[in-house]
Amino acid sequence: MDYQKFLAGRTQNIKASVIREILKVVSQPGMISLAGGLPSPDSFPLEIIDELSSLVIKKYGSKAFQYSATEGFPALREALAAYLNKKEIRATADDVCITSGSQGLLDGIGKVFISEGQKIAVEAPTYVGALQAFNSYGPEYVCIKTDDNGVIPEHLEDIIKLFGIKLVYLVPTFQNPTGRTLPLDRRYKIADIIQKYEVLLIEDDPYSDLRYRGKPITPLKALAPDNVIYTGTVSKILAPGFRIGFYVAPPELKTWLIRAKQGVDLHTSTFTQAIAAEYLAGGFLDKQIKKIIALYQPKQEAILEALDQHFPKNFTWSKPDGGMFIWVEGPKGFDAEACYHKAIEQKVAYVPGKYFFTGPDEGLETMRLNFSMCDADTIRKGIRILGDVIRTFS
């Protein structure tokens, strides 16, 4: 039977995740993986989760295992409102909605706000998971120029005027894949621009708690609340297996996102929401973030030192104050994808940067390195091997 005849036309826009395919490769024995964006299992607070699981059953009983509101478990929404207020985002429990990971919201955004052929603005490079979520709804991407400080506000304004852009997607803090953070002065400019032209901006913020140096920067949501949908996750500060994301949106838009979620999964897991609620409300988060930073910061220092020692001088890389990624740029003509296959032969994996761009010929000389999964000595070894591969390859 020809099963292709059953597929909807939009499936031509749905592609397999290249990064997911790479992660299959890195599971090979002996592979040093600088590829994935996974939190370290050592960062999961297993003892706390064990304690909170029992507490949730005693406190909520059967309610923790019953269907719940699409908007989210009330106790978690209250705890997240308090968490967001510390980030300068004014939100009540009623303003906060829960999703099945932040990826669930990104798909909802595509379903509700993106029409076939609509032009939306994204960074270049940008988070590949957002592109994957949006692609099935058939947008056309317009890339915003960036530099070492992220998006250039003046170019954003230019493309808004030129293309009539109404939707912008950004990861302003410790961006995936580059690790870059948008400075406060640029955030003010972008806030002014999106308010001036009545543009909706999606602020994706999974990494801002993973800050190793410097002070937190005010979110865009706090600067232009009526024009920003802010989304976050507990994946990096609790555990990704909980599949809990959250967002704060203007009330008129929140209603539509809730309706979209109702048609997908009714609601996110009640039991995991209840555990996350007690985790936040019980004061565990601040201590746990300190532990995570103490785990990741030496790894980041190790990879930056190793890059200085072992990579060719005509390569450059980001030096972020936090997050989980380092972005490397080689000279023009360097083929990071072809080099990846040679590196795999030497048991070192990374992600070629081309997959984070919307155009097929962009970012060919770039790569994303992750440092959260390996210990510092393994990172140093991996970078030394990768440096040798690059030299023989180029």
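Considering each residue of region 119-134 in turn, at least one proves to be closer than 23 Å to residue 254 by Cα, at pLDDT below 95 and not aliphatic (A, V, I, L, M).
Within region 255-275, the set of residues being in a helix (DSSP H, G or I) and over 10 Å from residue 111 (Cβ atoms) comprises 255, 258, 262, 270, 271, 272, 273, 274, 275. Here residue 183 clears all of (1) buried (at least 19 other Cβ atoms within 10 Å of the Cβ); (2) more than 22 Å from residue 350 (Cβ to Cβ) except the condition numbered (1). Selection of first residues in region 9-33 that are on the phi > 0 side of the Ramachandran plot and of second residues that are exposed (fewer than 14 other Cβ atoms within 10 Å of the Cβ), restricted to Cβ pairs under 8 Å at least 6 apart or on distinct chains, gives an empty result. Within region 11-26, not a single residue is more than 26 Å from the chain's Cα centre (by Cα) and surrounded by fewer than 16 Cβ atoms within 10 Å (Cβ to Cβ).
As for region 164-173, it holds no residue that is surrounded by fewer than 17 Cβ atoms within 10 Å (Cβ to Cβ), part of a strand (DSSP E or B) and over 18 Å from the mean Cα position of the chain (by Cα). All of (1) in contact with a Leu (Cβ under 9 Å, 6 or more places away or on another chain); (2) surrounded by 21 or more Cβ atoms within 10 Å (Cβ to Cβ); (3) in a helix (DSSP H, G or I) hold for residue 390 with one exception: (1). Scanning region 222-245 for residues that are free of Cβ contacts under 8 Å to residues at least 60 places away in the same chain and closer than 25 Å to residue 288 by Cα yields 234, 237, 241, 242.
Taking residue 108 as the residue in question, decide whether it is free of Cβ contacts under 8 Å to residues at least 60 places away in the same chain and outside the structural domain of residue 366 (by TED's automatic domain parsing). When the stated conditions are applied, residue 108 does not pass them. Please find, among 262, 309, the residue that is assigned by TED's automatic domain parsing to the domain that holds residue 385 and polar (S, T, N, Q). Exactly one of 262, 309 is assigned by TED's automatic domain parsing to the domain that holds residue 385 and polar (S, T, N, Q), namely 309. Counting only residues that are without any contact (Cβ under 8 Å) to a residue 60 or more places away in the chain and of a type in the set (S, T, N, Q), region 309-363 holds 3 of them. Against the list (1) within 23 Å of the chain's Cα centre (by Cα); (2) within 29 Å of residue 235 (Cα to Cα); (3) surrounded by fewer than 17 Cβ atoms within 10 Å (Cβ to Cβ), the condition residue 347 fails is (1). With respect to the conditions (1) in contact with a helix residue (DSSP H, G or I) (Cβ under 6 Å, 6 or more places away or on another chain); (2) buried (at least 24 other Cβ atoms within 10 Å of the Cβ), residue 197 lacks only one, and its number is (2).
Those residues that are hydroxyl-bearing (Ser, Thr, Tyr), over 22 Å from residue 13 (Cα atoms) and not in a strand (DSSP E or B), I need them from region 346-367; list them, please. Please lay out each step first, then the result.
Taking region 346-367 as the starting set, the residues that turn out to be hydroxyl-bearing (Ser, Thr, Tyr) are 350, 355, 358, 366.
Those still in the list that are over 22 Å from residue 13 (Cα atoms) too: 350, 366.
Once the filter is applied, which keeps residues that are hydroxyl-bearing (Ser, Thr, Tyr), over 22 Å from residue 13 (Cα atoms) and not in a strand (DSSP E or B), region 346-367 yields only 350.
Among the residues of region 137-148, are any without any contact (Cβ under 8 Å) to a residue 12 or more places away in the chain, surrounded by fewer than 17 Cβ atoms within 10 Å (Cβ to Cβ) and either in a helix (DSSP H, G or I) or not acidic (Asp, Glu) (or both)? Scanning region 137-148, I find no residue that is without any contact (Cβ under 8 Å) to a residue 12 or more places away in the chain, surrounded by fewer than 17 Cβ atoms within 10 Å (Cβ to Cβ) and either in a helix (DSSP H, G or I) or not acidic (Asp, Glu) (or both), so the answer is no.
Okay, residues lined up against (1) among the charged types (D, E, K, R); (2) touching a Gly at 6+ places or on another chain (Cβ under 7 Å); (3) over 27 Å from residue 293 (Cβ atoms):
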position: 36; (1), (2), (3): no, no, no
position: 55; (1), (2), (3): no, no, no
position: 58; (1), (2), (3): yes, no, yes
position: 74; (1), (2), (3): no, no, yes
position: 80; (1), (2), (3): no, no, no
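In the condition set (1) under 30 Å from residue 158 (Cβ atoms); (2) assigned to a strand (DSSP E or B); (3) among the hydrophobic types (A, V, I, L, M, F, W, C), residue 98 is compliant with all but (1).
The values are calculated or read from the model by the stated rules, or taken from the named source; none is laboratory data. These figures come from a predicted structure and were not determined experimentally. So basically every Cβ, Gly included, is an ideal-geometry build from the backbone, and we count neighbours across all protein chains shown.
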